[in-house]
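These notes are about the structure you will find just below.
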Amino acid sequence: MDATYRYLIIGAGLAGVSAVAGIRELDSDGRILLIGDEAELPYDRPPLSKKLWLGKKKLEEIFLHDRAWYETHGVELAPGTEVIRLDPGAKVAIDRKGTGYGYEKLLLATGGRPRRLTVPGGELEGVCYYRYLADYRSTRAKASAGASVVVIGGGFIGSELAAALRANEVSVTMVYPEDSLCARVFPRELGQALQEKYRARGITVHAGENVVEIGRQGDGFVTTTDAHRVRSDLVIAGIGITPAVELAQQAGLKVDNGIVVDECLRTSDPAIHAAGDTAFFPYQALGERRRVEHWDNAGEQGKCAGRNLAGAGVRYDHMPYFFSDLFEFGYEAVGDVDSRLEVVTDWQQEFEKGVIYYLAEGKVRGAMLCNVWDKVETARALIRRGARMTREDLRGAIQ
């Protein structure tokens, strides 16, 4: 074992970095090691499919902190390091080179990995499973004006990337199996209306189609669906992520839909906490376990986990929100925004501005604020209240 740390953080994304801030609120000098498998300094992920493409941020502005911040906070960095095994009994993490890192407290902030296509050609060199800064750099270098891209997936990443690429005068074709855009969260009518806006912007949309094969043609690709063959320079898949739970499983921690943690983000081993995309936690306001793959949750949960590593013992009761911008259609959402729930829409301008409520047994479980800003706290209060509400009660409830 090369060294022992009071705090070992595996995962150098937003959750892991936020944990540093949480630790330092209570422990000013405990030795911290932050291990990340990417060679970059920790960075903010949302700009990769939003502001970097729209000229609203420069590449150097997406890093969470500069190197001096980590030095000031007494954090040792181990970028480009992949931990492959944990020994909870000995409290040691071991990387691919065989180096051992001892710890008193460990945070697993391992995030998620892109879900991959299982069709022929899904593993061809050049098919991009978009998630990392390296993916942005590679795509940006190739996706100049006039280039053609097939975007596979009509969820968060697929819809954002298609809009961003089209804003850069790239020829875009979208393919996804659902019959409307962002079908998991948008009511069908909204998803289809936005789909038509995408088409009006010049994006070809093949909704309700499955990719059956990807092949090479010259320097580009041919994507075959069950109805079309599309030639393109690039193929980008944004079909979700799976939680990175391998270390937790190998260590014998309890795993379900992610790493199971209690209300203080402790795993089944009291010396190990988990936070971010990989944590399956008690979502207090909804009264059930959830795993949340969004920026706000990673930041708040990471900070809470850091404080608890340092002995705070506080319950994580934050209600995270998420956001997106699809051309002129921007939204913020909080709670359970599942299109399978009862949906009540309160439009000021249909499909452009208004609030969508998601109800179960007459109680508001989630809200999506469509081009309605600075109302997330109001929506949170409505959800926490847990009162039964009719459609008439919800008219004008949030404006």
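The values are calculated or read from the model by the stated rules, or taken from the named source; none is laboratory data. Worth saying up front: this structure is predicted, and the values here are computed from it rather than measured. When we count neighbours, we look across all protein chains shown, and the Cβ atoms used for this are built from the backbone with ideal geometry, even at glycine.
Listing for the model above:
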quantity	calculated
Residue tally, condition touching a Phe, Trp or Tyr at 6+ places or on another chain (Cβ under 9 Å), outside any loop (DSSP other than H, G, I, E, B) and closer than 15 Å to Arg115 by Cα, over segment 236-279	4
Residues (under 20 Å from Ser339 (Cβ atoms) and among the basic types (Lys, Arg)) located in segment 141-187	Arg184
Residue check, Thr378 outside the structural domain of Glu25 (by TED's automatic domain parsing) and either out of contact with any strand residue (DSSP E or B) (no Cβ under 8 Å at 6 or more places or on another chain) or part of a helix (DSSP H, G or I) (or both)	yes
Single residue of Ser148, Ser180 found to be within 21 Å of Asp219 (Cα to Cα) and either at pLDDT below 95 or assigned by TED's automatic domain parsing to the domain that holds His206 (or both)	Ser148
Yes/no for Gly386 being outside the structural domain of Ser180 (by TED's automatic domain parsing), at pLDDT 95 or above and not hydrophobic (A, V, I, L, M, F, W, C)	no
Condition met for Val337 (out of contact with any Ser or Thr (no Cβ under 9 Å at 6 or more places or on another chain), assigned to a strand (DSSP E or B) and either at pLDDT below 95 or among the aliphatic types (A, V, I, L, M) (or both))	no
Members of segment 31-61 that are in a loop (DSSP other than H, G, I, E, B) and within 17 Å of Ala78 (Cβ to Cβ)	Arg31, Gly36, Asp37, Glu38, Ala39, Glu40, Leu41, Pro42
Pair list, Cβ < 7 Å and 6+ apart or interchain, from segment 303-317 residues that are on the phi > 0 side of the Ramachandran plot to residues that are surrounded by fewer than 23 Cβ atoms within 10 Å (Cβ to Cβ) and part of a loop (DSSP other than H, G, I, E, B)	Gly313/Cys264
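So that you can scan it fast, the table gives a plain yes or no per residue for (1) buried (at least 17 other Cβ atoms within 10 Å of the Cβ); (2) in the same structural domain as Ala275 (by TED's automatic domain parsing); (3) touching a Pro at 6+ places or on another chain (Cβ under 7 Å); (4) within 18 Å of Arg307 (Cα to Cα):
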| site | (1), (2), (3), (4) |
| --- | --- |
| Val17 | yes, yes, yes, yes |
| Val20 | yes, yes, no, yes |
| Leu54 | no, yes, no, no |
| Lys57 | no, yes, yes, no |
| Pro79 | no, yes, no, no |
| Glu82 | no, yes, no, no |
| Arg85 | no, yes, no, no |
